[in-house]
Each structure stands twice: as structure tokens, then as C-alpha cells.
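Here is the structure we will look at.
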Amino acid sequence: MRSDKATQGVAGDSGAMTTDLTPAHPRCEYLTNPLGIDIARPRLSWTLDATRRGRRQSAYHILVASRAALIPAGRPDLWDSGKVASARSAHIAYGGPALGSGQRCWWAVRVWDEDDDVSASSALAWWEMGLLHADDWRGAWIGLDGDAHDDGALGGDGGEPDAPGDGLAPSPYLRATFTVARPVARARLYATACGLYEARLNGRRVGDAHLTPGWTDYDKRIQYQTCDVTDLLRAGENVVGAILGTGWYSGHVGFGQQRGHYGTRPQLLLQLRIEYDDGTSATIVSDSSWRGAAGPILSSDLLMGETYDARRELAGWDAPGYDDARWGLVSVVGRDGTRLVADRAVPVRVTQELAAQSIARVDADTQIVDLGQNIAGWARLRICGAGGTCVRLRFAEMLDTDGRLYTDNLRDARATDVYVLRGKDEEVFEPHFTFHGFRYVEVTGYPGDLAPDAVAGRVVESDAPPAGLFECSDELVNTLQRNIVWGQRGNFLSIPTDCPQRDERLGWLGDAQIFARTACANRDVAAFFTKWLADVADAQSPAGAYPDIAPLLALRGIDLSRGAPAWGDAGVIVPWTLYQVYGDTRILEEHYAGMARWLAYIGAANPDHLWRAGRGNDFGDWLALDGDDPANAFGSTTPKDLLATAYYAHDARLLARMARILGRTEDAGRYEALFRAIKAAFVAAYVSPDGGVAGETQTGYVLALHMDLLPDALRTAAAERLVALIAGKGWHLTTGFVGVGYLLPVLTEAGYADVAYRLLLNETYPSWGYSIKHGATTIWERWDGWTADKGFEDPGMNSFNHYSLGSVGEWFHRYVAGIDTDPDRPGFAHIVIRPHPGGGLTHARATYDSIRGRIESAWRIDGNAFTLGVTIPANTSATVYVPTREGGEVIEGDAPARLADGVTALAIEGGHTVLTVQSGTYEFRSAVGDDDRAE
Ligand code: BGC
């Protein structure tokens, strides 16, 4: 629909603006002003600011232009959406002509409100296309052959650092010079590596991303990054360069001391495009004209650490005027057909710096720094001393009983950085191509006592914007929430890893699926997971099996290509979660065929609908505590075929819903029937007539209840049995990775919020509180990672930074504070606010920056007085459940809620007053009974 008003607003805004409803936070493909994307029809989103209640968008108008000035001038040369009558504010696909490589697109949007009054224009935003076609890349992959050339810069007489001993070669330094003779309008650096790269231009680091290009299956898809380097160029001679590291490509990854998963030597592919003011352009590419040398990085490896000899620094190598006569020629490798794709995720960055909390000397040569927080990242060392002095940094999550570093649980990850001093002034060292999981830094060989700022912790993570906050009146719960967030920050690093410290750091699908919704509540992980789902798709087997890990690796002794139940199912559950949280239907479309193949793969091997055959590594309810069977090392007695069949049913039901959403009606019917058939088989095989679930484990009941696998008439009995099992353990949980995420939600839905709180607030073993009482600053891999009785668990598998058992975080947001999306109107288009006060908490508060703007739910109990503050973003609505004593009335502001502006409906339901409210901020008050259980 077009209207005359359409062309005036964004064009002139002058006088046309009549509403205070304002589009804000314009984003493209989940990112603010993304540089170098390769999505043909990028999707645009915005939120809406408003000062009054009940504000709605009735129409939008998007302008897209090739130059910024064309937008205010009202002359969009790429796309003019016209005035579109629609409430949509998220995922609106660019509708103009096909875009070319490197094309910059400026855009703005304005909206009309519920009275058809037009808004001001949003701030100008942009996106820029990357290199869209394989033949846009004109350079070659380059590296250094053999032992990297040594330019002979080593001077001094100091001792040699410890030999790395892994056959890891020094990092290549690569450089090329070029001349800029005319004024530059803009310049872009496109770069990637097989391995890791740090690009340099005229003595400066390019961009602030680390560990680029990130981890993908380099045999299938390699990401490149795009940087605006206009300001780094200068007239005359210029130098572009890069340092390479082994990274996931050729260094150690995973267990089994394996390296070289994709290749043996790192290589660089780079392209610098310069556009001059006069309309001409130049392209500098990586090719045989480059020169290379080995420098100070003697070895670098994600698991092993980095050895850096500052005496070998190539001072000035990346700046004009350097004499590279002693550098060698680079080796050149032609490009194969491997796809180069634009990086669509958030970059890995240093996001925070932690100061030493304490420093202890453990012997004459060794001091230990405690950062007070278990993190992923590295340490920055400041030091003065004689040239050749060798300082060693080792990293650990824990100390042993003697106060020394506990590194047994790192297995084969050496996690050691070595720095050899150059010997003048203060020297500052940070490694380039490694990261560690640690709280403690052991420093050996440091001359004298460490100054308080000699060692700082550098927190490194995929820099996903903060999205949600949760806090309440209970400090234990607040600590748990903090630990969950730190667990996420320590493990969302290019991919969702299991742990950041030992020789593993793999993208385990089981961990990711159980934690995905919690992750979304804490951070905006849409771009991060969208990228990782491409890794999952890349790893799907020809037969249809999703893997256990993505990117998939061939690790010695274990085939991880046939996804185990609850692991492979991430291929279905994570896209569904993104759809729920962000309303993203494209992610469903992109992965629909793969999901269908996964279901067909399970179905083909299991015609009777019980998932018995083809369960790959069949991890079961990993690290549960319900078994006493010493033969079952990981303590789960949940029957593995039951667990598998539950997930199979869950997948079928989710796929049926996705098929409906995508308009695939026939498929939807087929998957609905499949779900019913699996459910019937499940009931026949595992459910007794009195509501018993085979295996009698907490996880068995939790799965059956959560995944709707019980006859309605037996749900109450099954929930009672679940509670009895918990009571039988002295009110403790026994769930492993699989059951833990659904445990408190299931209890709450079944009317046992009191039991859920009891588990949450436990401080005795096993519980979240137990780890906190014993100093946890992250989520432990195992409930029994450390116990007072046994000390450390088997170091063969005992990480102190694994997020899976932190999947309880979802419950804080969705149930305690009670912020949820209406599953039928996902992406928080319609919001459900349903707090579940309990556990003696006197207040709880969550905020969530949804794709439609900020949502808030904050409740407080004072005696019998209950207050609920709610904020609902403009252009959305909510159903709000206010706990109310029987016969009580809800007040909003000074008057009965039913009379309040923005409140449009009211019902009484199960101890709640249920209100339908329009956007805005409200404060509801009610009287509640003495019993603090909401249900
Ligand atoms: C990982 C887990 C993973 C599991 C498979 C472990 O070694 O650390 O997080 O899910 O193996 O069960």
C-alpha cells in the first residue's frame, strides 16, 4: 500500500512529524551497521520508542540509497518500500535490485502510529556488501614454506626459551608495500586465513577482532572479515601485512593430542581495495610479490599457548621505511573451490580487563596471581628486566591444597605462555593466537615481586551484546546468575564450546541445545547462533545424521559424526529457539530440509518409533547422579532408549510446528501424525498405568512431562512421582546435562514452584549452591567437580567452566521474573509476564532487550502486598499474570487495573488476575496470601 504521505517523511521530516512514536536501534541481520555481508536480501529491524502507553505501528516506510545524502533528500536510488501497512518491525527483507560486491547501502525508516500519524525518521543506518562472488577474490593464499625464514634479527646473548616441543613452527610475518598517490575516498581490507591472522597496516593493527577468521569447517566454508581502513592509509609508501597463527586450522584442537586437522601450515588470503577521490581504484592482493619472515612468535597454539621472544621482534616491519631485503619469498597456493563467506557473527574481542585480586609467592621463583574470576582469555604482562630473561605464565582454574596451580584437569592442554625479554624500558606482552580458561596465573622467572598491575586478566569472548539482566533478593541466586553469565562468556568464543581450558573446546551440540534459551536471555546471540547453525549444517552426514560436535572433527578413537540423542537434536532445537526468541523464520527455512533429513534418518532405523538403533555415541543423561552402578561411570540410569525416543518425539512435534509456520501444510500433518505415533509407542514402552516412567529417574519424568509424552490423565500422577523422587533424595536433584534444563520449568508448570525453589536454594550436595559455597565463579561441568569428601573428581573430565548445568538460567527469566514470548507470536511480538514468586524471595527483577525493545518485569513482596512493575515495548502487547488473593483486586497506579489506560482485558485464573495490556510502563499492586507459593 502506498500513500502520498509516503514520500515526505524521511525526505524532509520537517513538519511532517506528528507522533512521538520513534523508530530506534536500526539493525541489519541482527547487527548494527554491518560491514561486509553476503546475504542477498538483508533483513532490517528496528525498535520503537514511545512516551505514552498503547503505542502501535500501523505502517512503515523504508528508504535505501547508495549515498547518505539521498535519504534526507527523499531520493532513495536503491529501494523505496512505499508506505506499507504493517505492524512488522523485524526481519523486513530488502526489496530493491540485486546488490553488488562492496556496495554500501544507507537506509532509514519512519513509521505511522495507531492514528496514522507519521514519525520522525530513524537515525541513518547502513550495511555494506562484502565480496559476493568467488572471482571477486583476485589474490592467492600465501604462507611460508618449511621453517619460517629467520631474518636474523636475534641479537643479545640471553638463554633460549623452553622449546615448545610440538613441532609447531614460528608464526609467519608477511608484508607487501604499495604506493598511494592520490587522495583516498575509501578503502576496505578483506582478509581471511587458513589458521589465524592479525592484519596490520602502516604500523597499526587492523580492527579489534581477535582469533580471526574464527572456526568453521575450513574444508567447506571459510569466513572472511571486512575492515574499513580508509583512515590507516597515507600518501606515499604504505605497508600491509599480517601475522599468522595455527589456530583451529593447523594447531591442536580437541583431545588426543591431535593437530593439523585441516592443514599443516597457516596461509593468508587478503585483498585491499582502495577507491580514490577521482573515481579510480586499486586492489592490492596477497600474491607472490609478498615477502615473509619468522619473527618473535616462536610458536602459538590454542591449547598449548604462545612462546614469544621479544629479542626477535622485527621492529617497524609493518610500517613504511623498513628494509625487508633479508626476508624471503612467500609460498603461493592456488585457491580451491572452498567457499569464502562473509563473517556474519559478532567478533571475538577483548571485552573486559580484570585486575589481580591477590598475589602469592609460592617459592623463590614462582608467584600466583588470583583474578578472582574464572574466565576465558589471556593475561597481559608488564615487565622490566634484562634482555633474555625468560618468564613463564601458566594458567589454571583451581589451586591445589598447597596453594599451587591445579592443572591436572587441563589434560593435554599445556596452556603456557613464555615471554623472553627484549631488555629495554617497560615491556608489555599479550599473546596473539591462543586463549586459556583460568582464574589463576602462575608467573615463573619474574624479576622481583609482581606489582599489582603486572598481570591483568583479559576477558576474550564473542562480543554478543548484553540482552538480559536478572537479580533478586537472594545473594546465592544472584551469584548463580553471575556464574551462568560468566560460563556463557567463557564459552561463546567463535563457537559455543563445552569448556575453554582443557584439550577439548569443541562445539558439543548437547550442551548448546540445553543452554540455548538461557544464552538468549543473557546476551543477544542471534548472529552468533546463526553462524554456528551453518557449522551444524556443514557437519550433517549424507545419511542425515547431525553430529555430536560442530564444526565436526575426526578425533582419534571416536566417531562424532552420528549425533547422539539430545546432541544431534540441537539441529532442530536451536533453530526453533531462535525462532521463538527472535521471530526468525528465515532460520527455519534455511534449516528445514536438514531437519527433515535428520528425522528421516532416525525414522529409517526405527520403524516402530522407539529410537533404539542409530544412537551414535549415546551419551544419555550425561553426568547425572541417579545411578549407584559403579559400571556406569557417568551415573545416569535414565534408560537411553527412553531419553532418545523422547527427543525423537520432541523433534517431530517441533518440525510439525515449523512446517505449519512455513506453510508446508502436508508436512505438518505428517509430522503431527509422527509425533502421535512416537508418543503412543513411548507410552506403551515406558509409562505404567499409574503414571510411572521407566527407570524411575528425575530426568525420565522431566522429559516425559516437558515433551508431552504422557496421557493427560497421568500427568498429575507423574509429577507427584517426580516430586517423590526428589524428596527421596532429601530434596536434591540428580539430573545430568539433559534433564537439568527442564527440571525447574517442569516442576513449576506442574504446580510445584515450591519444590523448584527448594532445589534452587539448596546449598548441600548436589546443588548449584554447593559449588557456590565452595567458591565457584562459573558453572562446573559436574555436580561433584569438587566435594568436601572426595576433593577433585577424576581429572580426566573435570572442567570448572562448562555452561550446561547453568541451563537453569532460563527459569530465572521465564519463571521467577516471568518474562516470556507468546509461542504463537514469537520474537516477543506478544509478551507473557508471569512471575512465580516463592522461595522466600522478597523481590526479583529482570530486563530483556528483545528484538522489539526493552521488556521489564520487577516484583516485590512486602507482607501481603505484592507489587509488579512491568514495561512492555511500543508496538507489542502482553498478557500479565498478577498473583492475587481470592476476591482481591489489582490496582494500577491509583485506580483499579480494569480502569487503567492500556489495560484491555481482565480475567481471574488460578490465583492470578490476568490482564491484557498494551505497551507502556505499569505498576500493579495486589494482596496475596500468607503462603508465598504462587500456585
Ligand atoms: C564434553 C561435554 C560433551 C560430552 C559428550 C564431554 O567431554 O566436555 O560437554 O557434551 O563430552 O557427552
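The values are calculated or read from the model by the stated rules, or taken from the named source; none is laboratory data. Quick caveat, the model's predicted, so the values are computed rather than measured. Glycine gets a Cβ as well: all are built from the backbone with ideal geometry, and neighbour counts include every protein chain shown.
Please find, within the range 554-574, the residue that is nearest to ALA512 (Cα to Cα) out of those that are more than 13 Å from the ligand (Cβ to nearest atom) and crowded, with 24+ Cβ neighbours inside 10 Å.
Filtering first and then ranking leaves VAL574.
Conditions (1) in contact with a Lys or Arg (Cβ under 6 Å, 6 or more places away or on another chain); (2) surrounded by 24 or more Cβ atoms within 10 Å (Cβ to Cβ); (3) of a type in the set (A, V, I, L, M, F, W, C), marked per residue:
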{"site": "GLY700", "(1), (2), (3)": "no, yes, no"}
{"site": "HIS706", "(1), (2), (3)": "no, no, no"}
{"site": "ASP712", "(1), (2), (3)": "no, no, no"}
{"site": "VAL723", "(1), (2), (3)": "no, no, yes"}
{"site": "VAL738", "(1), (2), (3)": "no, yes, yes"}
{"site": "GLY751", "(1), (2), (3)": "no, no, no"}
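For the condition away from the ligand (no atom under 16 Å from the Cβ), out of contact with any Cys (no Cβ under 9 Å at 6 or more places or on another chain), outside any loop (DSSP other than H, G, I, E, B) and on the phi < 0 side of the Ramachandran plot, what is the one hit in LEU760, LEU733?
LEU760
Looking at the range 287-318, which of its residues are in a loop (DSSP other than H, G, I, E, B) and within 32 Å of the chain's Cα centre (by Cα)? Walk me through how you get there before you give the answer.
Here is the first cut: in the range 287-318, the residues in a loop (DSSP other than H, G, I, E, B) are 287-290, 295-296, 302-304, 313-318.
Listed by number, the residues that qualify are LEU302, LEU303, MET304.
Going residue by residue through the range 377-394, is there one that turns out to be out of contact with any Phe, Trp or Tyr (no Cβ under 6 Å at 6 or more places or on another chain) and free of Cβ contacts under 8 Å to residues at least 24 places away in the same chain?
No, the range 377-394 has no match at all.
Checking GLY627 against (1) away from the ligand (no atom under 16 Å from the Cβ); (2) more than 30 Å from the chain's Cα centre (by Cα), which single condition isn't satisfied?
Going through (1) away from the ligand (no atom under 16 Å from the Cβ); (2) more than 30 Å from the chain's Cα centre (by Cα) one by one, GLY627 breaks only (1).
Kindly evaluate GLU475 against the criterion of being more than 16 Å from the ligand (Cβ to nearest atom), surrounded by fewer than 24 Cβ atoms within 10 Å (Cβ to Cβ) and acidic (Asp, Glu).
The answer is yes for GLU475.
Could you check how many residues of the range 490-544 are in a loop (DSSP other than H, G, I, E, B) and either within 26 Å of PHE438 (Cβ to Cβ) or within 11 Å of the ligand (Cβ to nearest atom) (or both)?
Qualifying residue count for the region: 15.
Output the residues belonging to the range 326-351 that are assigned to a strand (DSSP E or B) and either farther than 29 Å from THR778 by Cα or out of contact with any Asp or Glu (no Cβ under 9 Å at 6 or more places or on another chain) (or both).
Result: GLY328, LEU329, SER331, VAL332, VAL333, ARG339, LEU340, VAL341, ALA342.
Filter the range 680-691 for residues that are within 18 Å of LEU610 (Cα to Cα) and either surrounded by fewer than 19 Cβ atoms within 10 Å (Cβ to Cβ) or of a type in the set (Ser, Thr, Tyr) (or both) and give the result. Explain how you work it out, then say what you get.
Kept after step one, since they are within 18 Å of LEU610 (Cα to Cα), are these residues of the range 680-691: 680-688.
Selection gives ALA680, VAL683, ALA684, ALA685, TYR686, SER688.
Could you identify the single residue in GLN225, GLN258 that is at pLDDT below 95 and of a type outside the set (Val, Ile, Thr)? I'd like the intermediate steps shown before the answer.
Values: GLN225 fails: at pLDDT below 95.
The unique qualifying residue is GLN258.
Return yes when THR777 is under 19 Å from PHE492 (Cα atoms), out of contact with any Ser or Thr (no Cβ under 6 Å at 6 or more places or on another chain) and surrounded by fewer than 23 Cβ atoms within 10 Å (Cβ to Cβ) and no when it is not.
For THR777, the condition - under 19 Å from PHE492 (Cα atoms), out of contact with any Ser or Thr (no Cβ under 6 Å at 6 or more places or on another chain) and surrounded by fewer than 23 Cβ atoms within 10 Å (Cβ to Cβ) - is met.
When you scan the range 706-722, do you find a residue that is within 16 Å of the ligand (Cβ to nearest atom), assigned to a loop (DSSP other than H, G, I, E, B) and modelled with pLDDT of 95 or more, even just one?
Within the range 706-722, none of the residues are within 16 Å of the ligand (Cβ to nearest atom), assigned to a loop (DSSP other than H, G, I, E, B) and modelled with pLDDT of 95 or more.
Residue pairs, Cβ under 8 Å, 6 or more apart or interchain, first in the range 668-689 and modelled with pLDDT of 95 or more, second of a type in the set (Lys, Arg). List them.
So the pair list comes out as ALA668/ARG657; ALA668/ARG660; TYR671/ARG653; GLU672/ARG653; PHE675/ARG653.
Of the residues LEU674, LEU703, LEU654, LEU743, only one is over 30 Å from the mean Cα position of the chain (by Cα) and either among the charged types (D, E, K, R) or part of a helix (DSSP H, G or I) (or both); which?
Answer to the check: LEU674.
Yes/no matrix, rows are residues, columns are (1) modelled with pLDDT under 95; (2) touching a strand residue (DSSP E or B) at 6+ places or on another chain (Cβ under 9 Å); (3) among the aliphatic types (A, V, I, L, M):
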residue: TYR579; (1), (2), (3): no, no, no
residue: ARG586; (1), (2), (3): no, yes, no
residue: ARG597; (1), (2), (3): no, no, no
residue: TYR601; (1), (2), (3): no, no, no
residue: GLY616; (1), (2), (3): no, no, no
residue: ASP626; (1), (2), (3): yes, no, no
residue: PRO630; (1), (2), (3): yes, no, no
residue: ALA633; (1), (2), (3): yes, no, yes
residue: THR637; (1), (2), (3): yes, no, no
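Let's see how each residue does on (1) of a type in the set (D, E, K, R); (2) within 16 Å of the ligand (Cβ to nearest atom); (3) not in a helix (DSSP H, G or I):
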{"site": "GLY751", "(1), (2), (3)": "no, no, yes"}
{"site": "ALA756", "(1), (2), (3)": "no, no, no"}
{"site": "TYR770", "(1), (2), (3)": "no, no, no"}
{"site": "ASN801", "(1), (2), (3)": "no, yes, yes"}
{"site": "TRP811", "(1), (2), (3)": "no, no, no"}
{"site": "ASP820", "(1), (2), (3)": "yes, no, yes"}
{"site": "GLY827", "(1), (2), (3)": "no, no, yes"}
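From the set of residues in the range 782-799 that are within 16 Å of the ligand (Cβ to nearest atom) and in a loop (DSSP other than H, G, I, E, B), which is nearest to the chain's Cα centre (by Cα)?
SER799
Any idea which of (1) farther than 22 Å from ILE851 by Cβ; (2) in contact with a helix residue (DSSP H, G or I) (Cβ under 7 Å, 6 or more places away or on another chain); (3) surrounded by fewer than 20 Cβ atoms within 10 Å (Cβ to Cβ) is the one LEU70 doesn't satisfy?
With respect to (1) farther than 22 Å from ILE851 by Cβ; (2) in contact with a helix residue (DSSP H, G or I) (Cβ under 7 Å, 6 or more places away or on another chain); (3) surrounded by fewer than 20 Cβ atoms within 10 Å (Cβ to Cβ), LEU70 is out only on (2).
In the set PRO465, PRO447, which member is touching a residue at least 24 places away in the same chain (Cβ under 8 Å), surrounded by fewer than 23 Cβ atoms within 10 Å (Cβ to Cβ) and closer than 14 Å to ALA519 by Cβ?
PRO465 is the lone residue from the list that is touching a residue at least 24 places away in the same chain (Cβ under 8 Å), surrounded by fewer than 23 Cβ atoms within 10 Å (Cβ to Cβ) and closer than 14 Å to ALA519 by Cβ.
Could you list all residues from the range 413-433 that are in a loop (DSSP other than H, G, I, E, B) and on the phi < 0 side of the Ramachandran plot?
ALA413, ARG414, LEU421, ARG422, LYS424, GLU426, GLU430, PRO431, HIS432, PHE433
Testing ALA846 on (1) of a type in the set (A, V, I, L, M); (2) surrounded by fewer than 23 Cβ atoms within 10 Å (Cβ to Cβ); (3) closer than 19 Å to ASP822 by Cα, one condition comes back false. Which one is that?
Result: ALA846 fails condition (2) only.
Of SER850, SER807, SER857, which residue is within 16 Å of the ligand (Cβ to nearest atom) and either on the phi < 0 side of the Ramachandran plot or not hydrophobic (A, V, I, L, M, F, W, C) (or both)?
One residue alone meets the criteria, SER807.
Yes/no matrix, rows are residues, columns are (1) of a type outside the set (Gly, Ala, Ser); (2) over 16 Å from PRO431 (Cα atoms); (3) in a loop (DSSP other than H, G, I, E, B):
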{"site": "ARG175", "(1), (2), (3)": "yes, yes, no"}
{"site": "THR179", "(1), (2), (3)": "yes, yes, no"}
{"site": "ALA185", "(1), (2), (3)": "no, yes, no"}
{"site": "ARG188", "(1), (2), (3)": "yes, yes, no"}
{"site": "THR192", "(1), (2), (3)": "yes, yes, no"}
{"site": "GLY207", "(1), (2), (3)": "no, yes, yes"}
{"site": "THR212", "(1), (2), (3)": "yes, no, yes"}
{"site": "THR216", "(1), (2), (3)": "yes, yes, yes"}
{"site": "ASP231", "(1), (2), (3)": "yes, yes, no"}
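Under 6 Å between Cβ atoms, at least 6 apart or on separate chains: pull out the pairs that start in the range 539-567 with a residue that is at pLDDT below 95 and end on any residue that is within 13 Å of the ligand (Cβ to nearest atom).
Taking only residues 6 or more apart or on different chains, the pairs are LEU555/GLY254; LEU555/GLY256; ARG556/GLY256; GLY563/PRO547; GLY563/ASP548; GLY563/GLY616.
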